[in-house]
Amino acid sequence: ELLKTLPRKEISCGLAEIVKHGAIADADLFAYLEQQAEDILALDRKAIEKLVLASLGIKSSIVKRDETEKGERRLLNFGHTFGHAIEKVTGVAHGEAVSMGMVIASALSVKKDLLSAEEDQRLRAVLQNLKLPTRLAAHPQKILDAIAKEKKRDADQIHFVLLNGIGSARVDQLTLEELKDALNE
């Protein structure tokens, strides 16, 4: 019931994080998001309980296995490399920025032959069905400049989360040039 007191934008931001969890670690959760978008947006109690429990389980499991963010915990940054930069440059809400960041990361995963074009479309569709943005309305160079200032990067490389498929992710070292190309595309 508490969720029903929040502005819709805050609900959307929370849903972006849940989509992230399904995309990186739980194909069944992701499928549920695809199938139950209407109930989820209506804040149906049963649907929300399922999402919250599944999402908390994924996050706590990953954090427990990697408390210092040296390995697996980095997976929780899916969509956040671009998302944080988009948030900083445009001022959009965190979840909205992460939604757009996930779209860019998903497209980059396709380009690297890790994710199928069909799975990329599934991600975009679930975000759209949950009323989250999938298109960037900012100058790419400003976004890239913000990423270049990211404190978690190593020289000209950054730990970047890519999808191996819906429900599976990995962290690769990518150059700023690769991120620039992805953003421009």
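General remarks:
- Residue pairs meeting the criteria (Cβ under 9 Å; at least 6 apart or on separate chains; first farther than 16 Å from Pro7 by Cβ, in the range 84-95; second open to solvent by 60 Å² or more (accessible area, probe 1.4 Å) and among the small types (Gly, Ala, Ser)): Thr90/Ala137
- Residue among Leu162, Leu115, Leu132, Leu76 that is open to solvent by less than 60 Å² (accessible area, probe 1.4 Å) and in a helix (DSSP H, G or I): Leu76
- Answer residue from the range 36-73, given it is within 15 Å of Cys13 (Cβ to Cβ) and β-branched (Val, Ile, Thr) and is surrounded by the fewest Cβ atoms within 10 Å (Cβ to Cβ) among those: Val52
Listed here are the residues, each with its yes/no results for (1) modelled with pLDDT of 95 or more; (2) of a type in the set (A, V, I, L, M); (3) touching a strand residue (DSSP E or B) at 6+ places or on another chain (Cβ under 7 Å).
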residue	(1), (2), (3)
Leu29	yes, yes, no
Asp39	yes, no, no
Glu49	yes, no, no
Ser55	yes, no, no
Lys70	no, no, no
Phe78	yes, no, yes
Gly91	no, no, no
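- Qualifying residue in the range 143-153 (condition: part of a helix (DSSP H, G or I) and either open to solvent by 40 Å² or more (accessible area, probe 1.4 Å) or free of Cβ contacts under 8 Å to residues at least 24 places away in the same chain (or both)): yes
- Count of the range 113-159 residues, restricted to those that are among the basic types (Lys, Arg), in contact with a helix residue (DSSP H, G or I) (Cβ under 9 Å, 6 or more places away or on another chain) and farther than 25 Å from Lys9 by Cβ, is 3.
- The test for being at pLDDT below 85, more than 13 Å from the chain's Cα centre (by Cα) and on the phi > 0 side of the Ramachandran plot holds for Ala155.
- Selection of the range 34-73 for residues being in a helix (DSSP H, G or I) and within 30 Å of Gln141 (Cα to Cα) yields Glu72, Arg73.
- When Phe82 is tested against (1) modelled with pLDDT of 95 or more; (2) among the aromatic types (Phe, Trp, Tyr); (3) over 9 Å from the mean Cα position of the chain (by Cα), just one condition goes unmet, and that condition is (1).
- Members of the range 92-132 that are within 14 Å of the chain's Cα centre (by Cα) and β-branched (Val, Ile, Thr): Val98, Val103, Ile104, Val126
- The single residue among Lys88, Lys4, Lys9, Lys20 that is crowded, with 20+ Cβ neighbours inside 10 Å and of a type in the set (D, E, K, R) turns out to be Lys20.
The values are calculated or read from the model by the stated rules, or taken from the named source; none is laboratory data. Owing to the predicted nature of the structure, the values given are computational and were not obtained by experimental measurement. Cβ: placed from backbone, ideal geometry, glycine included. Neighbour counts: every protein chain shown. Ligands, DNA and RNA are stripped out before the accessible areas are found, and what is left, the full protein with its side chains, is counted by its heavy atoms. Shrake-Rupley method; radii C 1.70, N 1.55, O 1.52, S 1.80 Å.
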